[in-house]
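Peer 1: Before I ask anything, here is the structure I am working with.
The values are calculated or read from the model by the stated rules, or taken from the named source; none is laboratory data. Just so we're clear, the structure is a prediction, and the values are computed from it rather than from any experiment. Heads up, the Cβs are rebuilt from the backbone with ideal geometry, glycines too, and the neighbour counts pull from every protein chain shown.
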Protein chains: 2
Amino acid sequence: MTAFDDLLAHQRETVALAQVAGRLGWDQETMMPRGAAEQRGEEMAAMESVLHARRTDPRVGEWLAAAQPPDETGAAHLREIRRVWERATKVPARLAAEIARVTSVAQGQWAEARASEDSAAFLPVLARVVALRQEEADAIRGDRSRYDALLDDYEPGATAETIGAMFDALRPGLVALREKVLGATPPPGLTGRYDVEDQMALTREIAAVFGYDFTRGRIDRAVHPFSSGSGADVRITTRTSEAEPLGSIYSTIHEVGHATYEQNVDPAYALSALGQGVSMGVHESQSRIYENQLGRSRAFTSWLFGRMGEVFGDLGVADAEGFYAAVNRVEPGYIRTEADEVHYNLHVMLRFDLERALIAGDLAVEDLPGAWNERFHADFGVEVDRPSRGCLQDVHWSVGLFGYFPTYTLGNVYAGCLHEALRRDVPDLDAALARGDTSGARDWLREKVQRHGARYQPREVIAATCGAEPSEAPLLRYLEAKFGALYGV
Amino acid sequence: MTAFDDLLAHQRETVALAQVAGRLGWDQETMMPRGAAEQRGEEMAAMESVLHARRTDPRVGEWLAAAQPPDETGAAHLREIRRVWERATKVPARLAAEIARVTSVAQGQWAEARASEDSAAFLPVLARVVALRQEEADAIRGDRSRYDALLDDYEPGATAETIGAMFDALRPGLVALREKVLGATPPPGLTGRYDVEDQMALTREIAAVFGYDFTRGRIDRAVHPFSSGSGADVRITTRTSEAEPLGSIYSTIHEVGHATYEQNVDPAYALSALGQGVSMGVHESQSRIYENQLGRSRAFTSWLFGRMGEVFGDLGVADAEGFYAAVNRVEPGYIRTEADEVHYNLHVMLRFDLERALIAGDLAVEDLPGAWNERFHADFGVEVDRPSRGCLQDVHWSVGLFGYFPTYTLGNVYAGCLHEALRRDVPDLDAALARGDTSGARDWLREKVQRHGARYQPREVIAATCGAEPSEAPLLRYLEAKFGALYGV
């Protein structure tokens, strides 16, 4: 065994254990009896402790120093293993444990504060989380900014500067489009009640339509939809609401985008550092192109309208065109996760700017609610009337996720780039989508993006696919064309 | 931190990780998509490797040498931790890995051989399993016999000699009872078809009747019923058959016996060496007393007859007395897991004798099928007509479980002892059971047995409860009285 072989064998076991930890997380949200929460906390902590010990194992450093990659793929393995190892070894064990402890408490306090609409109750623990993440960033950043050091964990190679420039270029076009669309008459939405078991059956059918492999996955109900796992065991969850059938359908298509990315990674990379999606941004590009550019397209919604009519009867809209308009209704709202394609990225930009300021120390945590509400009013034109619709709406900051939010919009930007290239390479796509046939699109995405796993860096894989560096322009062109036509503006 | 504190903290994390491994096993039998089997194998192996490293950690030996238990309970912690540590450290890592590898292969070959009724295809790998377990026994046995060394893992403190003496005393009475009962006319069984969803709903109701705490557990379907987990997360499975509703009900009551033992352990022992059932025999005593002495009693079946009539309508038997007889039908059969109370222990004794001979080297593996069939004919009076009804029927030996089988009958013996003591202490039990009220029995079992977890040695807890050393006599008295009356013999 060479040092390279030793390293990959060690990594294989680490990845297998990380899969086990992921499966526990899935279980917690879907199957676990409620009385098991406290014990499960200890089980998770024990798994994290095992994983931390493996990730900081001094032998990994020795193997990394000695390993000779046999080829370019081998070099990519080393790159990914080194990135995680350097980060893990730079964070003192005391700090890592304190972050785990405090974020666990903070998540509970956040949930309580949100339920009681009391942001003041949450701010002290949030201040502690911010301080700990600043300390962690200082430990790992080298000559990078604190924020870039944190961002790198979710989007390797990205910086606040490049992302910020992209967002600055995107923003005026979104604001202008928003103004125009909100000046027009909104289309009617769906009406009626929709049996939730029928919804579950339909989500399974639609997951299969989008290529989800049920022999290596399953769909269950959970409070929040998510995708979990890699390789041969990638599970998704969905939610159902009797009054609102589009939620179960589009959250399922979104999660199937995440899940098929994982299912379609080259099996040669299974249980290795390359055996999963390369970044949060590229992951979100897959979920968003499935959900929006494909799932909310005029062509696909014409098929979906027919299928929903067969399952549920009258939907309260006259025809496929009315259904397409209902699926793409633009409405101002407080909540990011409920936002339409025009508003969504404005919600993200607000968070990106505020969290950069928090981590840089330019915004005090105690001033966060005011800063949020002021910015929200400036961007959306309405006053935030309660914290659960303002700075308490997302779980992310409570669990220490700073640097994560921008990957949502980065994913949309990447999806815009990929969609233009897809339309260029697969010109007859709409005819297939109108038959409920997504195979042309997903074969292309598997070939260009998904099968590579983490073999290439995020921007590399997008640039190689699209023939150009990623840019916000395709997303903006897509949104302007789609919503301009829909709203006649 | 003293050495004792360090040891218990280490043990707590080990137990938490063992819970995680157990949860994976549950997932595999209930939820896992079938395409995930190979990846799951690597995940399980990685968890086993982590657990093995913790169990053989040299620090455990140092702590054990230095630890001063603060009290008798502390001494019990040390006793349990030392037992596992001594065993784990005496088995060479190479041998432990080889056993894991070979039994994994052997289980697959057993399943194939059973499906194709080809015992010759299984014998070579079984010979390898036997040889490895002999080698393991030699590594750990000290001055004990090989078989006793293996047995100790499932039933601490038991020996083949004491168990054999008990079985020898039990056997003639069982054989005589069997002869008498089989000479009488058998009662009719249930007829009809039983909706499986209604069966699942009824198993949930009956699990609650027997005290299963759903806030710390759940019931799912699986091919083989089992109970899994400890403390705050103890899950059970059941199976349903449209033609045979008693299977789902009595396998559920059986598993609830196992599960409530785990759920009712003193919370002070959670995630410690004392936080689970003390032995397989005591475990089986709980499942069997729930299933048989309580669940198949005249009093309880009179309630169950009424409840099943409400759910399913006509059961094909005239009255509660006919139902009681149908539930307790005695029939000769090939399969241990389907055997009635009269036959069951004869199946176990056959295996006990054969596996002792295999491990001692007195019976060659190649001679096993012949020896099985000869013994079966002698004990049951019929020829084994195919291997799946003979020596291939149980999974145990393929996965290396030698020394496990006798704990089934030991459990029945313990259940007999406990049942006599229960009837003495709770004289009005039948009136409650006839109302579907099991609380008197289960409160007594929780108080006397279940809450102690592994605090006391197996025989200690039975003897303290019953006021006498465990003996086969109460079981025999119970069986003779029950089946004598039922069959008028």
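Peer 1: Across the stretch B:232-249, what is the total count of residues that are within 14 Å of chain A (Cβ to nearest Cβ) and surrounded by fewer than 24 Cβ atoms within 10 Å (Cβ to Cβ)? Before the answer, list the steps.
Peer 2: Filtering the stretch B:232-249 for residues within 14 Å of chain A (Cβ to nearest Cβ) gives B:232-237.
Of the ones still in play, those that are also surrounded by fewer than 24 Cβ atoms within 10 Å (Cβ to Cβ) are B:237.
Going through the stretch B:232-249 one residue at a time, the tally reaches 1.
Peer 1: Another one. Tally the residues that are at positive phi and either surrounded by fewer than 24 Cβ atoms within 10 Å (Cβ to Cβ) or part of a helix (DSSP H, G or I) (or both), restricting the search to the stretch A:393-425.
Peer 2: First, pick out the residues of the stretch A:393-425 that are at positive phi: A:400, A:403.
Next, only the ones that are either surrounded by fewer than 24 Cβ atoms within 10 Å (Cβ to Cβ) or part of a helix (DSSP H, G or I) (or both) stay: A:400.
Number satisfying all stated conditions: 1.
Peer 1: Please tell me if residue B:231 is in the same structural domain as residue B:432 (by TED's automatic domain parsing), at pLDDT 95 or above and assigned to a loop (DSSP other than H, G, I, E, B). Spell out how you get there, then give the answer.
Peer 2: Values: in the same structural domain as residue B:432 (by TED's automatic domain parsing): yes; at pLDDT 95 or above: no; assigned to a loop (DSSP other than H, G, I, E, B): yes.
Considered against the rule, which asks whether it is in the same structural domain as residue B:432 (by TED's automatic domain parsing), at pLDDT 95 or above and assigned to a loop (DSSP other than H, G, I, E, B), residue B:231 comes out as no.
Peer 1: Got a sec? Which of B:160, B:165, B:184 is more than 20 Å from the chain's Cα centre (by Cα), modelled with pLDDT of 95 or more, away from chain A (no Cβ under 14 Å) and closer than 17 Å to residue B:407 by Cβ? Before you say what the answer is, go through the steps one by one.
Peer 2: On the way: B:160 fails: more than 20 Å from the chain's Cα centre (by Cα); B:184 fails: closer than 17 Å to residue B:407 by Cβ.
Of the residues listed, the single one that is more than 20 Å from the chain's Cα centre (by Cα), modelled with pLDDT of 95 or more, away from chain A (no Cβ under 14 Å) and closer than 17 Å to residue B:407 by Cβ is B:165.
Peer 1: Now for a different question. Within the stretch A:185-231, which residues are over 29 Å from residue B:41 (Cβ atoms), polar (S, T, N, Q) and buried (at least 17 other Cβ atoms within 10 Å of the Cβ)?
Peer 2: If the condition is that a residue be over 29 Å from residue B:41 (Cβ atoms), polar (S, T, N, Q) and buried (at least 17 other Cβ atoms within 10 Å of the Cβ), then A:199, A:203 are the ones that fit.
Peer 1: Also, quick follow-up: Output the number of residues of the stretch A:286-308 satisfying the condition of being touching a helix residue (DSSP H, G or I) at 6+ places or on another chain (Cβ under 6 Å), more than 15 Å from residue A:442 (Cα to Cα) and part of a helix (DSSP H, G or I).
Peer 2: Of the residues in that region, 5 qualify.
Peer 1: Among the numbered criteria (1) more than 7 Å from chain A (Cβ to nearest Cβ); (2) surrounded by 18 or more Cβ atoms within 10 Å (Cβ to Cβ); (3) closer than 24 Å to residue A:221 by Cβ, which single criterion is violated by residue B:27?
Peer 2: Only one criterion is unmet by residue B:27, namely (1).
To keep it simple, each residue is scored yes or no on (1) farther than 22 Å from residue B:214 by Cβ; (2) under 18 Å from the mean Cα position of the chain (by Cα); (3) more than 14 Å from chain A (Cβ to nearest Cβ).
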{"site": "B:253", "(1), (2), (3)": "no, yes, yes"}
{"site": "B:264", "(1), (2), (3)": "no, yes, no"}
{"site": "B:273", "(1), (2), (3)": "yes, no, yes"}
{"site": "B:291", "(1), (2), (3)": "no, yes, yes"}
{"site": "B:301", "(1), (2), (3)": "yes, no, yes"}
{"site": "B:306", "(1), (2), (3)": "yes, no, yes"}
{"site": "B:310", "(1), (2), (3)": "no, no, yes"}
{"site": "B:333", "(1), (2), (3)": "yes, no, yes"}
{"site": "B:346", "(1), (2), (3)": "yes, yes, yes"}
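Peer 1: Please work out if residue A:143 is over 28 Å from residue A:248 (Cα atoms) and surrounded by 15 or more Cβ atoms within 10 Å (Cβ to Cβ). If you could, list the steps in order and put the result at the bottom.
Peer 2: Values: over 28 Å from residue A:248 (Cα atoms): yes; surrounded by 15 or more Cβ atoms within 10 Å (Cβ to Cβ): no.
It is false that residue A:143 is over 28 Å from residue A:248 (Cα atoms) and surrounded by 15 or more Cβ atoms within 10 Å (Cβ to Cβ).
Peer 1: Within the stretch B:57-83, count every residue that is among the aliphatic types (A, V, I, L, M), buried (at least 16 other Cβ atoms within 10 Å of the Cβ) and out of contact with any Ser or Thr (no Cβ under 8 Å at 6 or more places or on another chain). Working first, answer last.
Peer 2: Filtering the stretch B:57-83 for residues among the aliphatic types (A, V, I, L, M) gives B:60, B:64-67, B:75-76, B:78, B:81.
Imposing the further condition that a residue be buried (at least 16 other Cβ atoms within 10 Å of the Cβ) reduces the set to B:60, B:64, B:67, B:76, B:78, B:81.
Those left that are additionally out of contact with any Ser or Thr (no Cβ under 8 Å at 6 or more places or on another chain): B:60, B:64, B:76, B:78, B:81.
So the answer is 5.
Peer 1: Can you tell me which residues in the stretch A:32-56 are touching a residue at least 40 places away in the same chain (Cβ under 8 Å), surrounded by 14 or more Cβ atoms within 10 Å (Cβ to Cβ) and either facing chain B (nearest Cβ under 10 Å) or farther than 17 Å from residue B:51 by Cα (or both)? Write out each step before concluding.
Peer 2: First pass over the stretch A:32-56, keeping only residues touching a residue at least 40 places away in the same chain (Cβ under 8 Å): A:41, A:45, A:48, A:52, A:54-55.
Restricting the remaining residues to those that are surrounded by 14 or more Cβ atoms within 10 Å (Cβ to Cβ) gives A:45, A:48, A:52, A:54-55.
Result: A:45, A:54, A:55.
Peer 1: To continue, here is another question. Tell me, which residue of the stretch B:458-470 that is surrounded by fewer than 19 Cβ atoms within 10 Å (Cβ to Cβ) and in contact (Cβ under 8 Å) with a residue 40 or more places away in the chain is nearest to residue B:169 (Cα to Cα)?
Peer 2: We begin by selecting, within the stretch B:458-470, every residue surrounded by fewer than 19 Cβ atoms within 10 Å (Cβ to Cβ); these are B:460, B:463-464, B:467-469.
When the remaining residues are screened for being in contact (Cβ under 8 Å) with a residue 40 or more places away in the chain, the result is B:467-468.
Details: B:467: 20, B:468: 17 Å.
So the residue we want is B:468.
Peer 1: Kindly indicate whether any position in the stretch B:370-387 is in a loop (DSSP other than H, G, I, E, B) and on the phi > 0 side of the Ramachandran plot.
Peer 2: Let us first name the residues in the stretch B:370-387 that are in a loop (DSSP other than H, G, I, E, B), namely B:381-386.
Right, trim to on the phi > 0 side of the Ramachandran plot and you get B:381.
There is at least one residue in the stretch B:370-387 that is in a loop (DSSP other than H, G, I, E, B) and on the phi > 0 side of the Ramachandran plot.
Peer 1: A follow-up question, please. I'd like the residue in the stretch A:66-86 that is of a type in the set (A, V, I, L, M, F, W, C) and free of Cβ contacts under 8 Å to residues at least 60 places away in the same chain and, out of all such residues, is farthest from the other protein chains (Cβ to nearest Cβ). Break it down stepwise before answering.
Peer 2: In the first step, residues of the stretch A:66-86 are kept if they are of a type in the set (A, V, I, L, M, F, W, C); the result is A:66-67, A:75-76, A:78, A:81, A:84-85.
Restricting the remaining residues to those that are free of Cβ contacts under 8 Å to residues at least 60 places away in the same chain gives A:75, A:85.
Details: A:75: 24, A:85: 18 Å.
Only one residue fits best here, namely A:75.
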